[in-house]
Amino acid sequence: MAATDTNDDAAPHGLILVGMGLGHVEGMTVAALEAARKADHRRYEAYTALWPEEELKRLEGQIGPIQRVMRPEVEQPEALLKLAQNSTVALLVVGDPLQATTHVDLQLQAQEAGIPCEVVHGLSITTVVTGAVGLSNYKFGRQTTLTYPYGGWVATSPLETIISNDSQGMHTLALLDLDPTGMGTGDQRPMTPADASDAMRMMMEKMRSQLDDLPEEEAAPSSQLREANKRYLNRSLSDIVVVLCSDMGTPDQRIVTTNMAALRDVSGGRLNCLVFPGRTGEVEDNALLRWR
């Protein structure tokens with residue numbers, strides 16, 4: 001009988017996308033800790049979200065040395081994939097590793113290169129916030145990210161998403177930007193509640209200035225969009241209810257129901273996000289009252 005080469009003695013290799021969960025070691029799953037501990041190399045992706053530095057040090061004490069990588073190393077992953085050809089590389093990602101298309105693309109590139117790619121899921125802000133706040137998960141529309149103005153440019157797409165959801169009675173989860181430069185290479189400064197209030201004000205001012213430029217077509221979708229924009233932009237910041245969620249999933253978790261004007265005076269945490277409630281029912285209204 002001919003011998004069969006099963007490669008049983010080959011050294012393990014490949015890429016493992018490890019979900020770190022939300023902000024502290026105790027929030028990681030046993031599977032995530034074990035996968036990171038067994039890896040030959042550990043890389044911490046530090047531009048889509050962040051952990052507190054003291055928690056990273058605690059994690060290193062449990063799993064071994066961790067090297068920080070930023071946007072260029074992940075979006076142009078040649079070095080990462082080359083390392084994974086002959087060794088096991090754990091890419092540690094805050095939350096769940098497949099919540100960002102960046103990591104899905106990395107997974108696809110590994111597959112194309114013939115490199116095994118395993119995924120260990122983790123708790124994500126997108127799954128924790130809805131239940132913690134008390135709003136129905138079924139009534140959330142498309143999520144968005146409030147961004148810093150870059151070089152004087154104010155992106156209005158986040159507000160357009162909020163208005164579109166609101167016009168349908170749906171809630172919106174808005175994550176907050178981490179990087180004033182937009183480059184993803186370092187010098188990160190997570191957006192504060194005051195920053196978010198200012199961003200909202202600038203977006204509303206820009207969209208108000210553009211209202212007269214919107215087409216007057218009679219087509220129903222265009223007409224409905226124009227009217228939805230007008231109604232929302234007629235509000236003042238103090239008329240826009242928002243729920244500030246800080247350091248979710250950690251012992252420092254805090255939830256506050258306020259409005260976009262008063263948000264400037266609310267102290268946030270290390271990482272913050274906002275929920276814009278749409279049309280609410282009685283149970284949801286009572287849930288939101290807990291956080292005033």
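Every read-out reported here was derived from the displayed coordinates using simple, explicitly stated rules and does not represent laboratory data. These numbers were taken from a predicted model, which means no experiment stands behind them. Using ideal geometry, Cβ is built from the backbone for each residue, glycine included, and neighbour counts are taken over all protein chains shown.
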Magnitude of the Cβ-charge dipole (Lys and Arg +1, Asp and Glu -1) of segment 126-289 about the Cα centre, nearest 20 debye, reported as 220
Taking 0.36 nm per residue of separation between ARG270 and GLU205 and subtracting their Cα-Cα distance, the length gained on full extension comes to 20.6 nm
Answer in debye to the nearest 20: the dipole magnitude of the chain about its Cα centre, from +1 Lys/Arg and -1 Asp/Glu charges placed on Cβ, is 740
Between GLN76 and THR29, the FRET efficiency computed from the C-beta separation at R0 = 25 Å comes out, to the nearest 0.05, as 0.25
In terms of the charge dipole of the chain, which places +1 on Lys and Arg and -1 on Asp and Glu at the beta carbon, the residue among HIS121, MET28, MET204 farthest towards the positive end is MET204
Once LYS38 and ARG58 are pulled to full extension, the length gained, defined as 0.36 nm per residue separation minus their Cα-Cα distance, is 5.5 nm
Projecting the Cα atoms of PRO190, LEU135, LEU81 onto the charge dipole of the chain, where Lys and Arg contribute +1 and Asp and Glu -1 at Cβ, the residue farthest towards the positive end is LEU135
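Based on DSSP H runs of at least 4 residues, each adding -39500 (n - 2.57), what is the mean residue ellipticity at 222 nm of the chain after dividing by all its residues, to the nearest 500 deg cm²/dmol?
Result for the chain: -10500 deg cm²/dmol, rounded to the nearest 500.
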Any lysines whose Cα falls less than 19 Å from that of LYS206, other than same-chain ones fewer than 8 residues away, would be LYS230
Taking a ≥ b ≥ c as the square roots of the eigenvalues of the Cα gyration tensor, with a/c under 1.5 meaning rounded and otherwise prolate when a/b exceeds b/c and oblate if not, segment 126-289 is oblate
Taking a straight Cα-to-Cα line shorter than 21 Å from LYS57, and setting aside same-chain lysines fewer than 8 residues away, one finds LYS38
